[in-house]
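The values are calculated or read from the model by the stated rules, or taken from the named source; none is laboratory data. Just so it is clear, the structure is predicted and the values come from calculations on it, not from any experiment. Ideal geometry is used to build each Cβ from the backbone, glycine not excepted, and the neighbour counts take in all protein chains shown. Please note that ligands, DNA and RNA were not included when accessible areas were found on the heavy atoms of the full protein model with its side chains. Shrake-Rupley method; radii C 1.70, N 1.55, O 1.52, S 1.80 Å.
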Amino acid sequence: MELVPEEVSADERTLAILCHLSVLFCSMLFPFLVLTFRSEHSEFVAYHARQALLFQVSATVLGLMVSCAT
């Protein structure tokens, strides 16, 4: 079973990884920009940008809820 389809280029893989790693340096901005400008070019990149953005939004909301509760 292959996790990454063979037709996905190295550039697309790099963008997908950067979307997930962006939580370390620029939060929601990078996945949002990738989703806005690259989603029509690659479904693989769009999927990972959506996943990273959803995770970062969820983590932000959860962090705000926890900080308000204390």
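Brief remarks follow.
- Applying the Karplus relation 6.51 cos²θ - 1.76 cosθ + 1.60 with θ = phi - 60° to the stretch 48-55 yields 3J(HN,Hα) values of 6, 5, 4, 4, 5, 5, 4, 4 Hz, where x marks Gly and Pro.
- Alpha-carbon radius of gyration plus Dmax, which is the widest Cα pair, for the chain in Å: 14.0, 48
- Among the GluC sites (Glu not before Pro) within the stretch 11-70, those in coil by DSSP and having at most 13 neighbouring Cβ atoms inside 10 Å are 40.
- Fraction of accessible area attributable to carbon and sulfur, the stretch 22-67 (%, probe 1.4 Å): 75 percent
- Counting only protein heavy atoms and a 1.4 Å probe, the chain has 73 square angstrom of accessible area per residue.
- Note that the stretch 12-27 has calculated 3J(HN,Hα) couplings of 5, 5, 4, 4, 5, 5, 5, 4, 6, 7, 5, 4, 7, 10, 9, 6 Hz, one per residue in order, obtained from phi through the Karplus relation 6.51 cos²θ - 1.76 cosθ + 1.60 (θ = phi - 60°); glycine and proline are x.
- Taking a sphere under 15 Å around the Cβ of residue 50 and counting the other residues whose Cβ falls inside, with K and R at +1 and D and E at -1, yields a net charge of -2.
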